[in-house]
Amino acid sequence: MDIGKTAVPDRSAASPGTYDTDYRPSDHERERQRYRRSRKRRHTWVSTLCTLLGLVAVGAAAVASPGWERVDSLFFDGAELRSAFPDLLRGFWLNIQMFLVAEVLILVLGLLIALVRVTRAPGLQPLRLAATVYVDVFRGVPTLLLIFLVGFGLPALQLQGTPSEPWILGVIALTLSYTAYVAEVFRAGLNSVHPAQRNAARALGLNERQTVRHVVLPQAVRNVLPPLLNDFIALQKDTALVAVLGPLEALRAAQIKADYDFNYTPYLGAALLFIAVTIPLTRFADRLQRRAAQRTWAGAGR
């Protein structure tokens, strides 16, 4: 007998007032629940065992390789990591600052550009055209190339008030690049809201601005929250690209230490610092995606 395909008992006959207290699972239902718990434990053990075996196999292959002793001395030097870690930590704090400043700017500018692109007002056609050109141009330029162009080209203009700090120039370049991507994410979220929602809001007496603020935007932001987090995870890593302009962030600090001691362990330390931030953010993005999928399935079942 296939336990997994057993039909669920009909609970609709129970009265609403007595359903929660009177319902008792049948023997067959309890057997099916035990079967599912047993299958879940078995899958957990199998996946854990396969993961451990895979890690052991990769580690054994690396240790058995002919050049392992040289790799071990160049990349896994504990004393070198301890001596470089304070400098790496100070540099990584600059990465975090650049990330936070750029994130706020990108959110605001990206949302404004998305709103301009989805509006249908005839008088805003020049702004729509400018927003479209901006997105097309800055999405087409590699981020590293844009950092070079802004970092060395903007100061060369010698305009009054132009920032000269390398990390500020790096933030400007990252903001220009990622705003184009985030604007498209926001635009997709705005377009995902069903037109009936807007019509219902107008029927309730809300004007266009109130409809966008209270009805469209909350749903649009909720729909695109997981891809937004993915973009910001990528932004957090790309702050290391600003090292080409010279600020003492984590990658630059690791490079200086590695060049001084002829040992690459500081690069590994810098990578671990980035991983310590990106993995929790990634898990949080996965959790939001699961919750969004559950909301979708729950809404479809109603």
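The values are calculated or read from the model by the stated rules, or taken from the named source; none is laboratory data. Since the model is a prediction, treat every value here as computed from it, not as a measurement. A quick note on method: Cβ atoms are made from the backbone with ideal geometry, for glycine too, and the neighbour counts reach across all protein chains shown. Accessible surface is based on the protein model in full, side chains and every heavy atom, while ligands, DNA and RNA are left aside. Shrake-Rupley method; radii C 1.70, N 1.55, O 1.52, S 1.80 Å.
Annotations
- Note on the chain: with a GNM built from Cα contacts shorter than 10 Å, the maximum mean-square fluctuation among Thr119, Thr51, Thr179 falls on Thr51.
- Size of the stretch 73-189 as Cα extents on the principal axes (Å, biggest first): 65, 38, 22
- Extension gain (nm, one decimal) between Ala234 and Tyr260, 0.36 nm per residue minus Cα-Cα: 6.4 nm
- Taken as Cα centroids, the stretch 17-96 and the stretch 162-182 sit 36 Å apart, rounded to the nearest whole angstrom.
- Solvent-accessible area assigned to carbon and sulfur over the chain amounts to 63 percent, based on a 1.4 Å probe.
- Per-pair calculated FRET efficiency, R0 = 51 Å: Leu248 and Asn191 via Cβ, rounded to 0.05: 0.75
- Given charges at Cβ of Lys, Arg, Asp, Glu: the stretch 34-162 dipole, positive-most of Val118, Asn95, Trp45: Trp45
- When peptides 75-83, 166-174, 212-220, 152-160 are sorted by average Cβ neighbour count within 10 Å, with the highest value leading, the order is 166-174, 212-220, 75-83, 152-160.
- The magnitude of the dipole of the stretch 200-302, with charges of +1 and -1 set on the Cβ of Lys/Arg and Asp/Glu and taken from the Cα centre, is near 820 debye.
- Subtracting the Cα-Cα distance of Ala156 and Leu52 from 0.36 nm times their residue separation leaves 32.0 nm of extension gain.
- This model, with +1 at the C-beta of Lys and Arg and -1 at the C-beta of Asp and Glu, gives the chain a dipole about its Cα centre of some 1660 debye.
- When +1 charges are put on Lys and Arg Cβ atoms and -1 charges on Asp and Glu Cβ atoms, the dipole computed for the stretch 139-230 relative to its Cα centre reaches about 440 debye.
- The slack between Ala79 and Val63, meaning 0.36 nm per residue of separation minus the straight C-alpha distance, is 3.7 nm.
- Sites Thr132 and Ser164, calculated FRET efficiency, Cβ-Cβ separation with R0 30 Å, nearest 0.05: 0.40
- Only helices reaching 24 angstrom along their own axis (Cα) with mean Kyte-Doolittle hydropathy no lower than -1.0 count here, and for the DSSP H runs of the chain these are 27-64, 78-118, 166-192, 265-301.
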